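Heads up, the thing below is written out as structure tokens.
Every read-out reported here was derived from the displayed coordinates using simple, explicitly stated rules and does not represent laboratory data. Here the structure is a predicted model, which means the values were calculated and not measured.
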Amino acid sequence: MDRTDGRTCNLLLDSLPHVERAPLLSEGTRQPIEARHVYLDPGDEVDRVLFPVSGALSILAEPGDDGRRVEAATVGREGVAITFADPRESRLL
């Protein structure tokens with residue numbers, strides 16, 4: 001992204017060898033994380049991948065039909081991704 005040594009500050013991306021990381025970064029753009037912005041709703045098609053370099057994203061689950069949500073996971077600059085058994089039951093916030 002902006003660093004001259006090719007590092008991104010995302011630990012997952014930075015753990016990749018340069019030859020594998022460079023093509024990913026050439027297609028990527030740096031975007032600020034917006035507080036309370038919903039990036040993906042249940043049932044949405046995935047059209048991008050987010051690799052946080054600071055801050056964190058919350059993955060919320062709606063376990064019932066009453067609209068209440070619970071934080072199921074947090075994704076920060078370590079780049080950890082969570083896969084749910086039923087992606088329709090989770091949302092990325």
> Under the Kirkwood approximation applied to all pairs of distinct alpha-carbon atoms, what is the hydrodynamic radius of the range 1-81 in Å?
Replying inline: 14.4
> Could you give me the ³J(HN,Hα) list for the range 17-22, computed from phi with Karplus coefficients 6.51, -1.76, 1.60 and θ = phi - 60°, whole Hz, x at Gly and Pro?
Replying inline: x, 3, 4, 8, 6, 4
> Non-local amide H neighbours of A73 (under 5 Å, H modeled in plane, Pro and chain starts lacking H): which ones?
Replying inline: I59
> For G79, which sequence-distant residues (separation of 5 or more, or a different chain) have an amide H within less than 5 Å of its own amide H, given hydrogens modelled in the peptide plane?
Replying inline: L11, L12
>> In whole Hz and in residue order, list the ³J(HN,Hα) couplings for the range 64-78 that follow from phi through the Karplus curve 6.51 cos²θ - 1.76 cosθ + 1.60, θ = phi - 60°; x for Gly and Pro.
In response: x, 9, 8, x, 6, 10, 9, 6, 9, 6, 10, 10, x, 5, 6
